[in-house]
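Okay, structure first, notes after.
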Amino acid sequence: MRRLLSSAAVAALLAVTATAVAAPAAPAAQVTTQLPRTVRPTHYDVAFTPDADKATFTGSVKITVEVLEPTKTITLQAADLTFAKVQLDGGPLAKVGVDADAQTATFTFDAPVAKGRHVLSIDYAGKIYTQAAGLFSLDYDTESGKKRALYTQFENSDGRRFIPSWDEPFYKATFSLQAVVPTGQMAVGNMPIEKITDLGGGKSRVKFATSPKMSTYLLFFGLGEFDRATAKVGPTEMGVITKKGDLPKAKFALESAGPILTWYNDYFGAPYPLPKLDHIAAPGQSQFFSAMENWGAIFYFEYALLEDPKISTQKDRENIYTTVAHEMAHQWFGDLVTMAWWDDLWLNEGFASWLEGRATEHFHPEWNSSLVAVGNREYAMGLDALATTHPVVQHVDTVEQASQAFDAITYQKGEAVIRMLEAYVGPDVWRDGVRRYIKANAHGNTVTDDLWKQVEAAAGKPITGIAHDFTLQPGIPLITVAADGCVAGKTTLTLTQGEFSKDFPGKTPLAWRVPVAAKALDGATVAKTLVAGGKASLAVTGCGPVVVNSGQAGYFRTLYAPKLFTGLAGRFGALPAIDQLGLMSDAWALGLNGQQAATDVLDLIVATPADADPQVWSKVAGVLADIDGLYDAMPAERAAFRKLALARLGPVFQRVGWVAKAGEPTPVANLRAALIATLSSLGDPAVIAEANRRYAADQSDPAAVPAALRKTILGVVARHADAKAWNALRAQAQAEKTPLIRDQFYLQLASVEDEALAAKALDLALTAEPGETMPSNMIARVGVLHPDLAFDYAVAHKDAVNTKVDAGSRTRFIPSLGRRSADPAMIDKVKAYAAANIAEGSRGEADKTAAAVTNRVKIRQRQLPAITAWVAKAGG
């Protein structure tokens, strides 16, 4: 998420692709499908004409199919399409039956269709949507007026809204695409343009080169008033495409993509197989995704690809880099080799999430991005510790279930499991296993065991059992640590495996084989073992405090015996930053769960040294903000807690300051923004006043609001806005012509603490003013501070809200709004909404919200009193 290549060059590159080793496809009988198995496509020849003004298109497709056994009917997937004519091999017209609920169309022929190759010809028409599903439009403001661009988004199951097709990942085929478009507009596809024909009357036909074999969800088309810049990376033409005038904002992305491609070519041991790779920036937002890995034509919403010198931050730059690295990793893991069915979605997303981190560590060590892995693991564990979790490899039956599979278990737990297994076998062995996997399965489909088979072959030792433990069953291992003392310079640890669960603390634990690494602070080496059968002993060199999960590569919680934890807390400043994050994360999670003192994390916060890594201080700020959030409707207790929290963070911010210092480490910029936002949320009057002062001085003093802090300062002003300030911000939003900046204003209008103004933001979201893609984001942003208000509003305006949400996300959006509530009534409300509006097998998001609220209520009742007592003692 130009220059035209010559037809000869395209043909040469495709010839290389065509002669690649054929993949041993997964047996069709073992792959889930919602279609009969009697017919499979091999090629789609698609021609269509969009009418952007009328929000419709007409199309025709000739699908080359292999009929595997005689049949009188052919069933494929289609949604919101109407059919004018259907023929097989130019014969009589077929009868058309449409099942809108199943999203299928069935064509019935007069006589049985014989086995063998046939061509199915279909003339049809469809809709152009306003949300990111199928072929959709995005409107945006410019100095010369409103403009409209077209794009496609097909993952997971929306290719059927554009082409009647076998819209499942297993049914790979080649694609030829041509479109009749307004002359002068730029059309973009997966492949280079092969030919442009002027049709007269302001129309041209654009024909793209034929693609390699791929799944339908990876097809892409874009159309609009675009600019494109390119760079040559070996044989590949790397491109960035923006709306007119925005190319300078894509400079960082283009400069980053080239080295990443070269590195990936080497890492995978297989060169990128298409002739070009475009990164396409589009205005607007989606509530559920920022970019899409269409093969050769990666789609991004602008905030995920463009740097605007007026508003972009260091964190934005890092997010652009990791998003580009993530989507480019998919060009191999997902596009070249594709999961057979959505059960194994994590093969796409977990791997890309892991490799984006590895690429960032390689090219930008100054960002210290290895520490981000701990936060990603914590995000996954937040879901995985609830009974509503699911295995990494999960069975998917329906389109809605496939949509809901795009969650933290698939992405961040998948990433964490890969990171753990890479550490277990070694990075070189892991890379060799990945190379074997890509070579064996290029242009085909796989299941998870295909990856384990190749890694195990490269490693020369069993890893499949370990991998199965972490991917075929849900949950989080808990490693309890006891020490038998230090003898002859070695500390012997007893490691016992249980399970960390928020809502079933007394359950019989599942069994895992857990790779564990441990290191004493005064030891020179890391000791490793595999905890199997529930227990293990580990001798660690050194007699000082011992960190279990040293380096934080393991996916488990660590519960230390009290004396061992006290020893680590006393030497907290001596721990590596990544282990400080790990120890603090475990103490916070186990404390909230009642498995160790809820105040242990506060002891670690007190022990955090002034010169700790900026990401450690950001973690401290995050924990303090989380605790503050637990004190809703408890003003006296909140005031006492805030006094201590401000006293801890205030001196750190004094050192960091409002203004960047020459030569400061890059992560300090992120810490500065995090501290300002957290101190504002804690009600720090000095920070709030200074943010307002700077914002008011912006027009007269260019230094008052530096670009690196513009979003942060705007966030503080908006959060604490009264009616006058809120209306002034809205006036700025209305006047702003740059979509990237305009969207920020509308998001911040929805971030206000004042409940009456938050209600006003909800009403504003459902007007035409913010644009078609902003409403769901505004409503979700209200839900951060006012979850009950946002949920109730969305339920009351359900039909209007659902028109502003991506079609595949509607079973998730409204239930997710209540997740931050601490009101027990929310549990019944979200369950009632799900029962009335969501099919029984697709209520996963509602179940997650109910579980999260239940856990939050439990924490307030059971753990918050201890924190309040600690605050009272410390304050005294």
Report summary line: Within segment 656-680, the residues that are surrounded by 13 or more Cβ atoms within 10 Å (Cβ to Cβ), farther than 21 Å from S369 by Cα and more than 26 Å from the chain's Cα centre (by Cα) are W658, L679, S680
Requested in this report: Residue by residue through segment 727-785, note down the ones that are over 25 Å from A282 (Cβ atoms) and charged (D, E, K, R).
Outcome: E753, D754, E755, K760, D763
Report task. Go over the candidates G783, G808, G818, G841 one by one and state the one that is closer than 30 Å to G594 by Cα and in contact with an Asp or Glu (Cβ under 8 Å, 6 or more places away or on another chain). Result -> G818
Report task. Identify, by number, the condition in (1) under 17 Å from L383 (Cβ atoms); (2) part of a helix (DSSP H, G or I); (3) at pLDDT 95 or above that Y833 doesn't meet. Result -> (1)
Query raised in the report: Do the conditions hold for T262, that is, is it surrounded by fewer than 21 Cβ atoms within 10 Å (Cβ to Cβ), under 22 Å from the mean Cα position of the chain (by Cα) and among the β-branched types (V, I, T)?
Result: no
Report summary line: Scanning segment 286-311 residue by residue, the ones that are open to solvent by less than 20 Å² (accessible area, probe 1.4 Å) and either more than 19 Å from F406 (Cα to Cα) or in a loop (DSSP other than H, G, I, E, B) (or both) total 11
Query raised in the report: Looking at Q153, is it open to solvent by 30 Å² or more (accessible area, probe 1.4 Å), of a type in the set (S, T, N, Q) and within 21 Å of V240 (Cα to Cα)?
Result: no
**Report entry** Failed item, numbered, when G523 is tested on (1) among the small types (G, A, S); (2) under 26 Å from G382 (Cα atoms); (3) more than 34 Å from the chain's Cα centre (by Cα); (4) assigned to a loop (DSSP other than H, G, I, E, B)
**Finding:** (2)
Query raised in the report: Taking segment 20-40 as the search range and keeping residues that are under 31 Å from the mean Cα position of the chain (by Cα) and open to solvent by less than 40 Å² (accessible area, probe 1.4 Å), which one is modelled with the lowest pLDDT?
Result: A23
Query raised in the report: Does at least one position in segment 695-704 carry a residue that is among the polar types (S, T, N, Q) and open to solvent by less than 20 Å² (accessible area, probe 1.4 Å)?
Result: no
Report task. Answer yes or no as to whether L521 is in contact with a helix residue (DSSP H, G or I) (Cβ under 7 Å, 6 or more places away or on another chain) and surrounded by fewer than 19 Cβ atoms within 10 Å (Cβ to Cβ). Result -> yes
Query raised in the report: When you go through A872, A794 one by one, which is the residue that is crowded, with 21+ Cβ neighbours inside 10 Å, of a type in the set (A, V, I, L, M, F, W, C) and out of contact with any Lys or Arg (no Cβ under 9 Å at 6 or more places or on another chain)?
Result: A794
Query raised in the report: Would segment 357-367 turn up any residue that is open to solvent by less than 10 Å² (accessible area, probe 1.4 Å) and closer than 30 Å to I838 by Cα?
Result: no
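Here's the yes/no breakdown for (1) open to solvent by 50 Å² or more (accessible area, probe 1.4 Å); (2) charged (D, E, K, R); (3) assigned to a loop (DSSP other than H, G, I, E, B); (4) touching a helix residue (DSSP H, G or I) at 6+ places or on another chain (Cβ under 7 Å):
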| residue | (1), (2), (3), (4) |
| --- | --- |
| A689 | yes, no, no, no |
| N727 | yes, no, no, no |
| L757 | no, no, no, yes |
| G771 | no, no, yes, no |
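Yes or no, residue by residue, for (1) part of a loop (DSSP other than H, G, I, E, B); (2) open to solvent by less than 10 Å² (accessible area, probe 1.4 Å):
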site	(1), (2)
V46	no, yes
K54	yes, no
F57	no, yes
S60	no, no
I63	no, yes
T73	no, no
Query raised in the report: Any idea which of (1) under 25 Å from the mean Cα position of the chain (by Cα); (2) under 24 Å from H390 (Cβ atoms); (3) open to solvent by less than 30 Å² (accessible area, probe 1.4 Å); (4) at pLDDT 95 or above is the one I466 doesn't satisfy?
Result: (1)
Requested in this report: Take segment 475-502 and flag every residue that is part of a loop (DSSP other than H, G, I, E, B) and either over 17 Å from R557 (Cα atoms) or open to solvent by less than 40 Å² (accessible area, probe 1.4 Å) (or both).
Outcome: G475, A488, G489, S501
Query raised in the report: Assuming F175 fulfils every condition listed in (1) closer than 21 Å to V39 by Cα; (2) aromatic (F, W, Y); (3) surrounded by fewer than 23 Cβ atoms within 10 Å (Cβ to Cβ) apart from one, which condition is it?
Result: (3)
Requested in this report: Report yes if D397 is of a type in the set (D, E) and closer than 17 Å to A851 by Cβ, otherwise no.
Outcome: no
Query - Members of segment 693-712 that are outside any loop (DSSP other than H, G, I, E, B) and within 16 Å of A669 (Cβ to Cβ) - result: A707, A708, L709, R710, K711, T712
Query raised in the report: In segment 558-608, which residues are in a loop (DSSP other than H, G, I, E, B) and either aliphatic (A, V, I, L, M) or touching an Asp or Glu at 6+ places or on another chain (Cβ under 8 Å) (or both)?
Result: A561, L575, A597, A598
Report summary line: With criteria (1) assigned to a helix (DSSP H, G or I); (2) open to solvent by less than 10 Å² (accessible area, probe 1.4 Å); (3) in contact with a helix residue (DSSP H, G or I) (Cβ under 6 Å, 6 or more places away or on another chain), D432 comes up short on (2)
Report summary line: Filter segment 508-538 for residues that are of a type in the set (K, R) and touching a Ser or Thr at 6+ places or on another chain (Cβ under 6 Å); the one that is farthest from Q595 (Cα to Cα) is K519
Query - Of residues in segment 207-224 being aliphatic (A, V, I, L, M) and farther than 12 Å from S176 by Cβ, the one farthest from the chain's Cα centre (by Cα) - result: L223
Query - segment 106-129: number of residues that are buried (at least 19 other Cβ atoms within 10 Å of the Cβ), among the hydroxyl-bearing types (S, T, Y) and closer than 16 Å to V61 by Cα - result: 1
Query raised in the report: Which number in (1) buried (at least 20 other Cβ atoms within 10 Å of the Cβ); (2) more than 24 Å from the chain's Cα centre (by Cα) marks the one condition that Q404 misses?
Result: (2)
Report task. Please verify whether segment 449-458 includes one or more residues that are over 25 Å from K519 (Cα atoms), at pLDDT 95 or above, in contact with a strand residue (DSSP E or B) (Cβ under 9 Å, 6 or more places away or on another chain) and open to solvent by 10 Å² or more (accessible area, probe 1.4 Å). Result -> yes
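The values are calculated or read from the model by the stated rules, or taken from the named source; none is laboratory data. Please read all numbers here as calculations on a predicted model, not as lab measurements. Cβ sites come from the backbone with ideal geometry, for glycine too, and all protein chains shown count toward neighbours. Please note that ligands, DNA and RNA were not included when accessible areas were found on the heavy atoms of the full protein model with its side chains. Shrake-Rupley method; radii C 1.70, N 1.55, O 1.52, S 1.80 Å.
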